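**Q** Here's a structure for you.
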Amino acid sequence: MVRFDENNNVIENESGNAILVGLSTGQDISYSMQELEGLARAAGVNVLGILTQNAEKVHTAFYIGTGKIRELAELCANMQADLVIFNDELTGMQLRNVEDAVGVKVIDRTILILDIFADRATSREGKMQVEMAQLQYRMPRLLGFGHALSRLGGGIGTRGPGEKKLETDRRHIQSRLDEIRAELKELQGNRQTQRAKREDSTIPVVALVGYTNSGKSSIMNRLLQLEDRTEKQVFEKDMLFATLDTAQRLITLDDNHRFILIDTVGFVSKLPHSLVQAFRSTLDEVNYADLLVHVVDASFEEHDFHMQVTEKVMNELGAGDKPMLTVFNKIDKVPGFEAVGYGKDALCISTKTGEGYDAFLRRLNELLFSDYRQVELIIPYDKGSIVSALLQKSAAIETEYLAEGTRLVIELETADRSRYKQYITSPLQEAAPEEW
């Protein structure tokens with residue numbers, strides 16, 4: 001798993017043989033533990049066993065009770081485990097106490113998720129965002145460790161040196177965080193420039209959102225395959241957090257309508273707050289989208305829970321009121337599945353077989369291009385920038401070069417019909433007079 005050198009820099013990850021530990025204070029944690037096992041396997045960890053406890057409250061020193069700690073130590077020894085993973089976030093003191101008691105490396109769910117993100121991030125921005133989240137997680141745990149040192153005896157050779165090392169580590173982490181924030185601010189400026197260009201072009205933007213491993217990247221790849229643009233496909237795999245970096249692709253529908261499709265990082269229950277904050281600039285892409293496509297794994301029995309987690313994160317990002325199309329994916333695994341009770345903007349598809357994609361594309365067309373009308377324009381040659389701008393948004397149905405300028409037959413939205421009305425020679429589709 002994730003390890004740090006003496007300067008608190010992340011060094012190469014290592015997997016292990018692990019025991020998973022969960023605590024229930026009245027709630028059902030069976031799914032949460034199942035998900036923890038999936039996360040562990042996604043990180044390359046071999047899961048040897050699972051230990052759970054029901055208790056009224058969290059044990060302050062060990063998180064689980066002292067009896068369970070002894071049982072955990074015996075389990076680690078008997079099964080030759082070298083790693084313990086807790087299902088919840090532990091304090092620095094708890095991590096230290098449990099590690100001392102069981103004699104093997106101890107991490108929590110947050111460290112595990114951060115480790116997966118660190119391993120999967122490929123872009124410069126993604127790597128920095130993960131590092132920032134890791135350092136933010138580590139900072140308060142350094143302080144807790146320092147308090148533990150101060151209680152060891154208070155004499156020479158204990159408290160003083162401990163606090164000195166703690167302060168050195170703290171300053172190093174804070175300095176690195178300042179560096180990362182400065183670099184991310186610069187990258188965020190570049191992202192805002194890209195957004196401004198998109199807004200100027202007025203090409204609709206669609207963002208894929210949803211729980212991890214629901215099939216968002218598969219949907220993007222399927223659409224690119226339909227356009228015979230497989231060289232633009234993104235990485236996809238049947239595993240948690242297979243892709244982290246945001247991908248953008250221009251998609252052209254059969255009727256020449258175009259939109260930008262954005263594939264965002266997937267969500268998971270108990271997603272570390274530091275990670276949400278670190279990835280906020282990337283996740284903010286959803287706030288600039290014209291439409292959200294909420295991808296749901298229909299084959300997962302508790303898909304309603306997945307939907308609740310995604311909707312919660314959308315609300316936290318301020319995108320809860322965005323227009324949303326709910327797409328239940330992987331219906332090839334659940335024959336007869338219907339999106340009954342999820343509203344009119346909910347449909348079923350299978351990225352594997354292609355089932356439901358015609359209806360999916362029709363609905364995208366309706367939601368994004370309902371106000372588009374086919375028109376004929378003749379644009380003078382000295383206004384070539386207008387032709388370029390229009391062809392970025394929608395492919396021409398007809399193009400002809402006349403003496404007076406470029407003749408285009410193309411579909412335009414209401415705003416563009418108004419903006420370029422002086423060049424429109426005739427509307428080719430019936431529309432209410434007030435639209436013109």
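The values are calculated or read from the model by the stated rules, or taken from the named source; none is laboratory data. Everything numeric in this text was worked out from a predicted model, so none of it was measured. Quick reminder, even Gly has a Cβ in these numbers, built from the backbone with ideal geometry, and neighbours come from all protein chains shown. Note: areas computed on protein heavy atoms with side chains; ligands, DNA, RNA excluded. Shrake-Rupley method; radii C 1.70, N 1.55, O 1.52, S 1.80 Å.
**Q** Being touching a residue at least 40 places away in the same chain (Cβ under 8 Å) and surrounded by fewer than 21 Cβ atoms within 10 Å (Cβ to Cβ) is the requirement here; does Phe305 meet it?
**A** On the way: touching a residue at least 40 places away in the same chain (Cβ under 8 Å): yes; surrounded by fewer than 21 Cβ atoms within 10 Å (Cβ to Cβ): yes.
The answer is yes for Phe305.
**Q** Quick check on my filter: what residues within the stretch 401-426 are without any contact (Cβ under 8 Å) to a residue 12 or more places away in the chain and either exposed (fewer than 12 other Cβ atoms within 10 Å of the Cβ) or of a type in the set (Lys, Arg) (or both)?
**A** Pass one, the stretch 401-426, residues without any contact (Cβ under 8 Å) to a residue 12 or more places away in the chain: 401, 403, 418-419, 422.
Once the filter is applied, which keeps residues that are without any contact (Cβ under 8 Å) to a residue 12 or more places away in the chain and either exposed (fewer than 12 other Cβ atoms within 10 Å of the Cβ) or of a type in the set (Lys, Arg) (or both), the stretch 401-426 yields Tyr401, Ala403, Arg419, Gln422.
**Q** Exactly one of (1) open to solvent by less than 20 Å² (accessible area, probe 1.4 Å); (2) at pLDDT 75 or above is unmet by Arg258. Its number?
**A** (1)
**Q** Those residues that are among the hydrophobic types (A, V, I, L, M, F, W, C) and assigned to a helix (DSSP H, G or I), I need them from the stretch 60-82; list them, please. If you could, list the steps in order and put the result at the bottom.
**A** Keep residues of the stretch 60-82 that are among the hydrophobic types (A, V, I, L, M, F, W, C), which gives 61-62, 64, 69, 72-73, 75-77, 79, 81.
The answer is Ile69, Leu72, Ala73, Leu75, Cys76, Ala77, Met79.
**Q** Every residue in the stretch 121-130 that is open to solvent by less than 40 Å² (accessible area, probe 1.4 Å) and assigned to a helix (DSSP H, G or I), please.
**A** Across the stretch 121-130, the qualifying residues are Glu125, Gly126, Met128, Gln129, Val130.
**Q** Collect the residues in the stretch 209-242 that are of a type outside the set (Asp, Glu), at pLDDT below 75 and open to solvent by 40 Å² or more (accessible area, probe 1.4 Å), keeping them in residue-number order.
**A** Phe235, Lys237, Met239
**Q** Still on this structure, I have one more. Could you please tell me which pairs satisfy a Cβ distance under 7 Å, a separation of 6+ or placement on different chains, a first residue in the stretch 96-113 that is farther than 11 Å from Arg141 by Cβ, and a second residue that is among the acidic types (Asp, Glu)?
**A** Once the first residue is farther than 11 Å from Arg141 by Cβ and sits in the stretch 96-113, its partners that are among the acidic types (Asp, Glu) give Val104/Asp82; Lys105/Asp82; Lys105/Glu99; Val106/Glu99; Arg109/Asp88; Arg109/Glu89.
**Q** Which one is modelled with the lowest pLDDT among residues in the stretch 83-113 that are crowded, with 21+ Cβ neighbours inside 10 Å and part of a loop (DSSP other than H, G, I, E, B)?
**A** My answer is Leu90.
**Q** Pick from Val340, Val375: which is more than 30 Å from Glu179 (Cα to Cα) and surrounded by 21 or more Cβ atoms within 10 Å (Cβ to Cβ)?
**A** On the way: Val340 fails: surrounded by 21 or more Cβ atoms within 10 Å (Cβ to Cβ).
Going through Val340, Val375 in turn, just one is more than 30 Å from Glu179 (Cα to Cα) and surrounded by 21 or more Cβ atoms within 10 Å (Cβ to Cβ): Val375.
**Q** If the Cβ limit is 6 Å and pairs must be 6+ apart or interchain, which residue in the stretch 59-85 that is in contact (Cβ under 8 Å) with a residue 40 or more places away in the chain and among the hydroxyl-bearing types (Ser, Thr, Tyr) pairs with which residue that is open to solvent by less than 40 Å² (accessible area, probe 1.4 Å) and not in a loop (DSSP other than H, G, I, E, B)?
**A** Tyr63/Gln94
**Q** Does the stretch 59-82 hold any residues that are hydrophobic (A, V, I, L, M, F, W, C) and either in contact with a His (Cβ under 7 Å, 6 or more places away or on another chain) or open to solvent by 60 Å² or more (accessible area, probe 1.4 Å) (or both), and which are they?
**A** Keep residues of the stretch 59-82 that are hydrophobic (A, V, I, L, M, F, W, C), which gives 61-62, 64, 69, 72-73, 75-77, 79, 81.
Of everything in the stretch 59-82, those that are hydrophobic (A, V, I, L, M, F, W, C) and either in contact with a His (Cβ under 7 Å, 6 or more places away or on another chain) or open to solvent by 60 Å² or more (accessible area, probe 1.4 Å) (or both) turn out to be Ala77, Met79.
**Q** Taking only the stretch 343-397 into account, find how many residues are free of Cβ contacts under 8 Å to residues at least 12 places away in the same chain, more than 35 Å from the chain's Cα centre (by Cα) and outside any helix (DSSP H, G or I).
**A** Residues meeting the conditions: 0.
**Q** While we're on this one: Residue pairs, Cβ under 6 Å, 6 or more apart or interchain, first in the stretch 272-285 and hydroxyl-bearing (Ser, Thr, Tyr) and open to solvent by 10 Å² or more (accessible area, probe 1.4 Å), second modelled with pLDDT of 70 or more and assigned to a helix (DSSP H, G or I). List them.
**A** Within 6 Å, the pairs are Ser274/Ala133; Ser274/Gln136; Ser274/Tyr137; Ser281/Gln188.
**Q** Let me confirm something: among Val340, Val327, Val313, Val286, which residue is over 18 Å from Phe267 (Cβ atoms) and either part of a strand (DSSP E or B) or of a type in the set (Val, Ile, Thr) (or both)? Spell out the reasoning first.
**A** Working: Val327 fails: over 18 Å from Phe267 (Cβ atoms); Val313 fails: over 18 Å from Phe267 (Cβ atoms); Val286 fails: over 18 Å from Phe267 (Cβ atoms).
Among Val340, Val327, Val313, Val286, only Val340 is over 18 Å from Phe267 (Cβ atoms) and either part of a strand (DSSP E or B) or of a type in the set (Val, Ile, Thr) (or both).
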